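Okay, so here's the structure we're looking at.
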Amino acid sequence: MKKPQKVLLISGISAVALFGVGVASFKIMENSNEYEKAQLVMEAREAKEQIEREREYEKIEAKREAKAKVAELEAKTAIYEGVEFETGLDEGSTETEVMDVMHKMTHQKVRSQDKWGAIPMSPKIIEEVYKIVDSSDFQHRDRLLSIAARWRDFDFSTIVQDHNFFWEDKEGTVGKAHGTLSRAEEVEFIEVNFK
């Protein structure tokens with residue numbers, strides 16, 4: 001073979017080889033790009049699934065915490081059976097009924113082993129009780145009127161004695177008051193029982 005033909009043949013083979021290498025490189029690059037895209041899609045899908053799992057976990061955790069909070073409140077209020085927001089009193093109420101309401105009102109402020117029932121010590125309820133006692137001819141009218149008058153003036157300095165007066169009248173055996181609640185304890189009692 002002649003030298004120019006050999007050079008031409010080698011040049012042709014080299015060109016075809018280079019073309020093949022170029023096409024192969026392009027295909028490899030194209031496959032590499034597709035692989036990278038596939039990897040990115042897969043990573044994005046995994047990240048999305050992880051976020052969904054975390055959200056689901058947060059929902060479950062929030063429900064668990066809400067149930068725990070409800071259970072805690074139920075446990076706290078279980079010791080105060082019979083919470084009432086209305087007194088049920090009227091001009092025809094008996095002394096026993098009025099004293100029962102006043103007794104339940106003291107539970108907001110006193111410390112005792114057990115408490116049965118609770119009625120808010122609100123100005124409206126104090127006034128209602130005061131008016132009923134004032135217009136009554138109860139056996140303990142003067143003492144009840146004195147207690148209600150102090151409460152009207154926000155004077156709870158004898159609340160333990162007031163509670164124990166009602167408690168003894170009911171011939172109580174458990175639940176005698178032995179102190180007053182702190183302001184924080186009273187706020188907690190109000191939040192737990194009256195909201």
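Okay, here's what the table says:
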quantity	calculated
Above-threshold pairs, the threshold being 29 Å between Cα atoms, out of Lys109/Lys131; Lys67/Lys124; Lys69/Lys170; Lys63/Lys104	Lys67/Lys124; Lys69/Lys170; Lys63/Lys104
Listed residues Thr158, Thr87 arranged by accessible area, highest first, probe 1.4 Å	Thr158, Thr87
Order of exposure, largest accessible area first, which applies to Tyr57, Tyr130 with probe 1.4 Å	Tyr57, Tyr130
With DNA, RNA and ligands ignored, accessible area of Asp142 (1.4 Å probe; Å², nearest 10)	120 Å²
Computed E for Val174/Ser122 - FRET, C-beta separation, R0 22 angstrom, nearest 0.05	0.25
Compactness index (Cα Rg / 2.2 N^0.38 Å), segment 99-141	1.25
Heavy atoms of Met102: accessible area, 1.4 Å probe, square angstrom to 10	0 Å²
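The values are calculated or read from the model by the stated rules, or taken from the named source; none is laboratory data. Just so we're clear, the structure is a prediction, and the values are computed from it rather than from any experiment. Reconstructed Cβ throughout: ideal geometry from the backbone, glycine too, with neighbour counts over all protein chains shown. What goes into the accessible areas is simple: the full protein's heavy atoms, side chains included, and nothing from ligands, DNA or RNA. Shrake-Rupley method; radii C 1.70, N 1.55, O 1.52, S 1.80 Å.
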